[in-house]
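Contents: one structure, followed by commentary.
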Amino acid sequence: MLTPTGLPILSEEGAHAVFEKRVEWPAYWLVDPLDGTKEFIKRNGEFTVNIALMQDNKPVAGVIYAPVPDILYYGSKETNVYKEAEGITEHLLPLSEKVSLEALLQQEKVIVVASRSHLSTETEAFIKQFKNVQLVNMGSSFKLMLLAENKADIYPRFAPTMEWDTAAGHAILNAVNRSVYQTDLTSELIYNKQDLLNPSFVAF
């Protein structure tokens with residue numbers, strides 16, 4: 001499907017080009033053919049296929065497909081973001097202004113989404129700073145899409161992920177005026193690093 005574009009493909013399942021070669025790519029596809037392996041094994045349907053278009057090592061467009069519930073998310077800043085489910089296409093509108101952690105700390109209720117299978121002690125400690133928390137546990141990129149749909153406020157992740165786990169969701173969140181930040185809460189995640197492991201992050 002992606003091969004006819006002529007762009008290189010960096011994927012969890014494929015052979016990885018050496019850093020010295022891929023660092024010169026102006027554009028490429030970053031793909032995770034199965035995000036949420038543990039959820040796939042548990043057969044709970046919370047696994048996705050993630051495809052991100054990368055330009056200058058930044059995620060600019062994303063596609064996330066959940067095969068079991070047959071839900072598709074896709075979009076970019078240029079095209080807007082859409083969700084397709086049960087034959088209905090929904091336009092996911094961007095926030096009028098970016099959310100800040102300071103504002104979330106003042107909210108009477110904060111909906112926090114966290115990993116179903118990788119809830120670390122660091123993540124739990126981060127969550128405790130909010131006044132009144134509704135915690136939603138979920139697998140795979142569904143967590144990022146709850147933010148895109150404004151069904152959750154924040155997603156802290158203090159546990160290992162790879163670049164292909166986050167890129168598609170990162171592109172979609174950027175298109176709705178949200179983002180995926182490093183733990184300084186200012187710098188966004190960086191892609192096409194020599195080590196493809198992500199640092200801990202907070203999305204909101």
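Which one of these does residue 167 not meet: (1) modelled with pLDDT under 95; (2) under 27 Å from residue 79 (Cα atoms)?
In the conditions (1) modelled with pLDDT under 95; (2) under 27 Å from residue 79 (Cα atoms), residue 167 misses (1) alone.
Might you let me know whether segment 38-49 holds any residue that is part of a strand (DSSP E or B) and closer than 20 Å to residue 161 by Cα?
Yes, because at least one residue in segment 38-49 is part of a strand (DSSP E or B) and closer than 20 Å to residue 161 by Cα.
Would you mind listing the strands (runs of 3 or more DSSP E) fully within segment 63-181 where at least 2 residues are β-branched (Val, Ile, Thr) and more than 15 Å from the chain's Cα centre (by Cα)?
So the answer is 88-92, 110-115, 133-138.
Would you check which residues across segment 80-113 are of a type outside the set (A, V, I, L, M) and in contact (Cβ under 8 Å) with a residue 60 or more places away in the chain and list them?
80, 83, 94, 96, 97, 98
What residue, of 108, 78, 102, is open to solvent by 40 Å² or more (accessible area, probe 1.4 Å), under 19 Å from residue 172 (Cα atoms) and acidic (Asp, Glu)?
Among 108, 78, 102, only 78 is open to solvent by 40 Å² or more (accessible area, probe 1.4 Å), under 19 Å from residue 172 (Cα atoms) and acidic (Asp, Glu).
So if I check each of 142, 126, 158, which one is open to solvent by 10 Å² or more (accessible area, probe 1.4 Å) and either within 14 Å of residue 204 (Cβ to Cβ) or in contact with a strand residue (DSSP E or B) (Cβ under 6 Å, 6 or more places away or on another chain) (or both)?
Result: 126 is the single residue among 142, 126, 158 that is open to solvent by 10 Å² or more (accessible area, probe 1.4 Å) and either within 14 Å of residue 204 (Cβ to Cβ) or in contact with a strand residue (DSSP E or B) (Cβ under 6 Å, 6 or more places away or on another chain) (or both).
The values are calculated or read from the model by the stated rules, or taken from the named source; none is laboratory data. What you see is a predicted model, and the numbers here were worked out from it, not measured in a lab. Using ideal geometry, Cβ is built from the backbone for each residue, glycine included, and neighbour counts are taken over all protein chains shown. Note: accessible area is taken over every heavy atom of the protein model, side chains too, but ligands, DNA and RNA are not part of it. Shrake-Rupley method; radii C 1.70, N 1.55, O 1.52, S 1.80 Å.
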